[in-house]
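This report concerns only the one structure given below.
The values are calculated or read from the model by the stated rules, or taken from the named source; none is laboratory data. All values reported here derive from a predicted model rather than from experimental measurement. Virtual Cβ from ideal backbone geometry, glycine too; neighbours counted across all protein chains shown.
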Amino acid sequence: MPQFERLLAPVPPATHAQPGIASGQKWSSEYNVACWARGRSSEPSTVSLLVRFRDGSGEREMRVDRTVCRQEASLLLSGRISVQASGRIEEMTVWLVSEPACELFVDELYCQRAGANGAAASRPILAAR
């Protein structure tokens, strides 16, 4: 069945920026992502919350969460993802993907680096080459 993709928002660069990362340097960081939405569907439809990002290795996509929308429903899709990046993240965006039968209304969207209020969150975890 065909999928309908909705760009919810670009993630602000300050959320994923890592000063001092060299081109091609491998590192990882975790993000908490959540979306509260209302859905309406004439038949059960799968809804997925995705994060897409572009770095030195190209474009990649990670599924945060997936649920099923039935008739009229309130949906919470949330999770923690671990992004393995190469060099600087040039762009990060959040998407909802569903079957065309599902009509979605987003109430709130959240994307934050995990542990962002702690000192350790300001340093990326460097991966071995």
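The table below gives the values:
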{"item": "Segment 10-43, subset out of contact with any Ser or Thr (no Cβ under 9 Å at 6 or more places or on another chain) and among the β-branched types (V, I, T), residue farthest from S57 (Cα to Cα)", "result": "T15"}
{"item": "Residue match in segment 52-60 (condition: in a strand (DSSP E or B) and in contact with a helix residue (DSSP H, G or I) (Cβ under 9 Å, 6 or more places away or on another chain))", "result": "yes"}
{"item": "Odd one out for F4, checked against (1) under 14 Å from L104 (Cβ atoms); (2) modelled with pLDDT of 95 or more; (3) aromatic (F, W, Y)", "result": "(2)"}
{"item": "Qualifying residue in segment 1-8 (condition: out of contact with any His (no Cβ under 8 Å at 6 or more places or on another chain), crowded, with 18+ Cβ neighbours inside 10 Å and outside any strand (DSSP E or B))", "result": "no"}
{"item": "Close pairs from segment 58-87: first touching a residue at least 12 places away in the same chain (Cβ under 8 Å), partner of a type in the set (S, T, Y) and not in a strand (DSSP E or B), Cβ under 6 Å, at least 6 apart", "result": "S86/S57; G87/S23"}
{"item": "Among residues of segment 29-61, those that are in contact with a Leu (Cβ under 8 Å, 6 or more places away or on another chain), within 17 Å of I81 (Cα to Cα) and of a type outside the set (D, E), counted", "result": "6"}
{"item": "Whichever residue in segment 14-25 is in contact (Cβ under 8 Å) with a residue 40 or more places away in the chain and either under 17 Å from the mean Cα position of the chain (by Cα) or closer than 17 Å to L96 by Cβ (or both) and, among such residues, is surrounded by the fewest Cβ atoms within 10 Å (Cβ to Cβ)", "result": "A17"}
{"item": "Residue that is modelled with the lowest pLDDT, among those in segment 76-111 that are small (G, A, S) and surrounded by fewer than 16 Cβ atoms within 10 Å (Cβ to Cβ)", "result": "A101"}
{"item": "Qualifying position, being among the hydroxyl-bearing types (S, T, Y), touching a residue at least 40 places away in the same chain (Cβ under 8 Å) and surrounded by fewer than 15 Cβ atoms within 10 Å (Cβ to Cβ), among S41, S45, S28", "result": "S28"}
